[in-house]
């Protein structure tokens, strides 16, 4: 009898793609048929599964319907397969005071276990878990054992996921209009409910423009004010025309969005246009930025993570502390030498 891995959509686009790529690897390793359920209210307005309007699965067995079987892991999904992860958790009185990953562990598989006996195993999460899955790599995935996580993610993503043709056509049309023979600097700026250090983004962009003065800029952001400012600072800035909430308000999972599926498509346009740029500026502290870095087609040496500034600050602080500590020790030893000399 066939066994399945059913992936429930969780959180925003970057998060659910991280979880999906992990699930694809798990399904391949465990010999399960993949099913993806993105009917939740983040990107579906009418309860329809939007996944196959966004992506095509390749090189792995899958079904487009929700599987039916006698046994399910975790057991909490029995009789509730049509619910989203949010709906299921909201009804679970045992977990009302529990948050985050602790909840998901009750409603999802453990990727370290690839021999569940149940017919259906549920995947639900918002992070990639490649390192936790790494011990199970064998056979055609043996070469992943010692590969960098980013390389594993990128190879899996590009091998098994392809954009729906209509979305790919929109991307190619945008590139023909805005991407020229000149290098393009792609920058993702997160400034909504989670505001990453804006001055660092601007500093990184200014440095890149100075280094590559003839470049064009592709900006992906969730803040209309950022669009306005960056476009006023540089002459060749292109953006995807998309719905955005008022500045400072979260974009994904926003109930005021007029068209949730179109919102997901617009996010995919941003993502794949970023990955097509010659240079990429992002923050690894955002799932969307980190995802762009993982799957970017630009050479790694053309990626710039703005958290580098924070890393440099911490390194400088550690060096200053070490210098002060050495001076204190030197002064202490000198004073102790004087005291001993006086005693003698």
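No lab work stands behind these numbers, since they all come straight from the coordinates. The structure presented is a predicted model; accordingly, all values stated were derived computationally and were not measured. Don't worry about glycine lacking a Cβ; one is built from the backbone with ideal geometry, like all the others, and counts go over all protein chains shown.
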* Structure fact -> Percent antiparallel among DSSP beta bridges confined to the range 4-163, rounded to 5, stands at 20 percent
* **Inter-label distance, nm, simple model (7 Å from Cα along the C-beta direction), residue 308/residue 173** => 3.6 nm
* In percent, what relative contact order does the chain have, based on Cα pairs under 8 Å that are 6 or more apart in sequence? -> 18 percent
* For 190, 80, what ranking results if the residue with the fewest other Cβ atoms within 10 Å of its Cβ goes first? -> 80, 190
* Fewest first, what order do 200, 77, 38 take by the number of other Cβ atoms within 10 Å? -> 200, 77, 38
* Structure fact -> With no solvent term and unit scatterers on the alpha-carbon positions of the range 159-211, Debye gives log₁₀ I(q)/I(0) at q = 0.26 Å⁻¹ of -0.95
* Between the alpha-carbon centers of the range 160-177 and the range 217-258, tell me the distance in whole angstrom. => 20 Å
* To do: Would you mind telling me which residue in 115, 278, 223 has the biggest mean-square fluctuation in a Gaussian network model of the chain, where springs connect alpha carbons within a distance under 10 angstrom?
  => 115
* Structure fact -> Using alpha-carbon positions, the gyration tensor of the range 138-177 gives root eigenvalues a ≥ b ≥ c; with a/c under 1.5 called rounded, otherwise prolate if a/b exceeds b/c, else oblate, the class is prolate
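Report the FRET efficiency, 1/(1 + (r/R0)^6), for residue 71 and residue 33, where r is their Cβ-Cβ distance and R0 is 22 Å, rounded to 0.05.
Between residue 71 and residue 33 the formula returns 0.90.
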* To do: Can you work out the PRE-style zone for residue 243? Point 7 Å along Cα to Cβ, and I want the residues of the range 44-61 with backbone N under 14 Å.
  => 44-47
* Please work out how much length the chain gains when fully extended from residue 193 to residue 60, using 0.36 nm per residue of separation minus the C-alpha to C-alpha distance, in nm with one decimal. => 44.2 nm
* DSSP bridge pairs, the chain: antiparallel proportion in percent, nearest 5 -> 15 percent
* Whole-Å semi-axes of the range 168-305's equivalent ellipsoid (Cα gyration tensor) -> 22, 17, 14
* Size descriptor, Kirkwood hydrodynamic radius, that averages inverse alpha-carbon separations across the chain, Å -> 22.5 Å
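Can you give the calculated 222 nm mean residue ellipticity of the chain, where each DSSP H run of n ≥ 4 adds -39,500 (n - 2.57) and the sum is split over every residue, rounded to the nearest 500 deg cm²/dmol?
After summing the helix terms and dividing by residue count, I get -14000 deg cm²/dmol.
Taking neighbour Cβ counts within 10 Å as the exposure measure, how do 198, 107 sort from fewest upward?
Starting with the residue having the fewest Cβ neighbours, the order is 198, 107.
Give me Rg over Rh for the range 1-120, both radii from the alpha carbons and Rh done the Kirkwood way, two decimal places.
Rounded to two decimals, Rg/Rh equals 0.93.
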